[in-house]
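The values are calculated or read from the model by the stated rules, or taken from the named source; none is laboratory data. The model shown is predicted, which means the values in this text are computed figures rather than measured ones. FYI the Cβ positions are ideal-geometry reconstructions off the backbone, even for glycines, and counts take in every protein chain you see. These area figures cover heavy atoms from the full protein model, side chains too; ligands, DNA and RNA do not enter into them. Shrake-Rupley method; radii C 1.70, N 1.55, O 1.52, S 1.80 Å.
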Amino acid sequence: MIFFDNASTTKICDDSLAIMNYYASEKFFNPSALYKESLNVNNDINAARDVVLNAMGAVRGDKFVFTSGATEANNTIIRSCARNKNSKMLFSMGEHPSVYNVALDLQSQGYNVEFINLNRQGTLDLRDLERKLDSDTCFVSFMHVSNETGAINDVKKITTFIKSKSRALVHCDGVQAFMKLNVNVTNLGVDFYTISAHKFHGPKGVGGYFVKNGINVKPFLIGGGQEQNLRSGTENVPGIVGMAKAIEYMTPKIKSNYENIRQLSDYLCNAVNKFGYALSLDQKSPYINVLSFEGVRAETLLHMLEDKGYLVGNGSACSSKHRDNRVLNAVGLSGIEIEGSIRVSFSDCNTLSEVKEFIEICSGCVKEYLNKTNGEK
Ligand code: PMP
């Protein structure tokens, strides 16, 4: 089986698995208890936190809060910043449902929520941002890399612009960027940055958010006061140390992985353009590739490929059951193209020979599909 759906999740790395096993079976103590074993585990959590903060380029006083993943982190940040119903909150139209649906929920509760359009390159439409941003705007949320198209926002440029026009806090969902691009939150200028471990060979059910020094967050979960009183609940210790291990495993490889995956992506897109359409954008992560085949139903193609041993995605894995097309529409794909689009997303586990084989198989499946449907007409 060849796994080409790495934007939905990745295989956990051996280092993470080994340390998780150790903390689940040997160092299983509750970090809040008062004996030495627990204090040690508590210190290990803080050491893991330092690994995350360092990898993000955070500075003294900045915080990182571990959560059950990016969905919880996004919910926490957005709801914490929704304090005054009159202050405007802006959200990009391209957001993952864990941001977009929270924005809709706040809007339905009477908060002043507006959405910023995407441009044809799948990034934030800066003119629309300029029109909607005012001195009363308290919060702006946009993602670093789109999970659906791979479009990369120029986070630093956008944040600098927002900060020059308003006092808004800036949240960036970095789930598809962290450990794939170089991320330095200090340089980007953001106030919040969300990550999720299972997207970079860490465990599922753990992630969290960076919060810049001096910014107050209202906890989403209240209880025993764990995680600096910002996220109550007994810590997911194996998950947290497993996440830090995945960061240590990935950090030295970010640059070379990017170069290798860019080659896979270039090869794939060039080849697919001979029998279909590969979405090309000015600034796109090579990790995520949208391929579209006119006249083909993506879901059927996905299962044909699955039968041949290739697992690919159909839009965002989290939203594919209720697929709406706000993101693919924005980059100019027609309804028919969207209907026939799959997402091929890579990790450093993939190779060029897998891509070459996939192209043969995929072209065969598309031909077979079209022959069959043409024959039926
Ligand atoms: N944001 C983005 C951009 C994502 O791709 C995902 C995962 N599909 C999430 C948030 C949610 O992450 P998690 O699975 O950790 O809740």
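Remarks
- Options N101, N74, N86: the member that is touching a strand residue (DSSP E or B) at 6+ places or on another chain (Cβ under 7 Å) and surrounded by fewer than 20 Cβ atoms within 10 Å (Cβ to Cβ): N86
- Residue within region 40-53 that is open to solvent by 20 Å² or more (accessible area, probe 1.4 Å) and assigned to a loop (DSSP other than H, G, I, E, B) present: no
- The residues of region 222-254 that are without any contact (Cβ under 8 Å) to a residue 12 or more places away in the chain and farther than 20 Å from N75 by Cβ amount to a single one, P252.
- Beta carbons closer than 9 Å, at least 6 apart along the sequence or on distinct chains, never pair a first residue in region 74-103 that is outside the structural domain of H144 (by TED's automatic domain parsing) and at pLDDT 95 or above with a second that is within 13 Å of the ligand (Cβ to nearest atom) and open to solvent by 10 Å² or more (accessible area, probe 1.4 Å).
- Considering residues of region 172-195 that are assigned to a loop (DSSP other than H, G, I, E, B) and more than 15 Å from the ligand (Cβ to nearest atom) only, the residue most open to solvent (accessible area, probe 1.4 Å): N182
- Residue match in region 196-217 (condition: charged (D, E, K, R) and either within 14 Å of the ligand (Cβ to nearest atom) or crowded, with 24+ Cβ neighbours inside 10 Å (or both)): yes
- Hits in region 108-124 (condition: on the phi < 0 side of the Ramachandran plot and open to solvent by 30 Å² or more (accessible area, probe 1.4 Å)): S108, Q109, Y111, N112, E114, F115, N117, N119, R120, Q121
- Near pairs, Cβ below 6 angstrom, 6+ apart or cross-chain, from region 349-377 (under 15 Å from R297 (Cα atoms) and polar (S, T, N, Q)) to any residue that is modelled with pLDDT of 95 or more and not in a helix (DSSP H, G or I): S363/F275
So that you can scan it fast, the table gives a plain yes or no per residue for (1) within 16 Å of the ligand (Cβ to nearest atom); (2) closer than 20 Å to H144 by Cα:
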| position | (1), (2) |
| --- | --- |
| A47 | no, no |
| V51 | no, no |
| K63 | no, yes |
| A70 | yes, yes |
| N74 | yes, yes |
| C81 | no, yes |
| N86 | no, no |
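- The residues of region 1-24 that are open to solvent by 30 Å² or more (accessible area, probe 1.4 Å), away from the ligand (no atom under 16 Å from the Cβ) and under 24 Å from A47 (Cα atoms), listed by number, are D14, D15, L17, A18, I19, M20, N21, Y22, A24.
- Listed by position, the strands (runs of 3 or more DSSP E) inside region 57-134 whose residues that are farther than 27 Å from L181 by Cα number at least 2 are 88-92, 112-116.
- The set of residues in region 159-171 that are among the polar types (S, T, N, Q) and either buried (at least 24 other Cβ atoms within 10 Å of the Cβ) or outside any helix (DSSP H, G or I) (or both) contains only S166.
- Matching entry among K27, K36 (being surrounded by 12 or more Cβ atoms within 10 Å (Cβ to Cβ), more than 30 Å from G189 (Cβ to Cβ) and among the basic types (K, R)): K27
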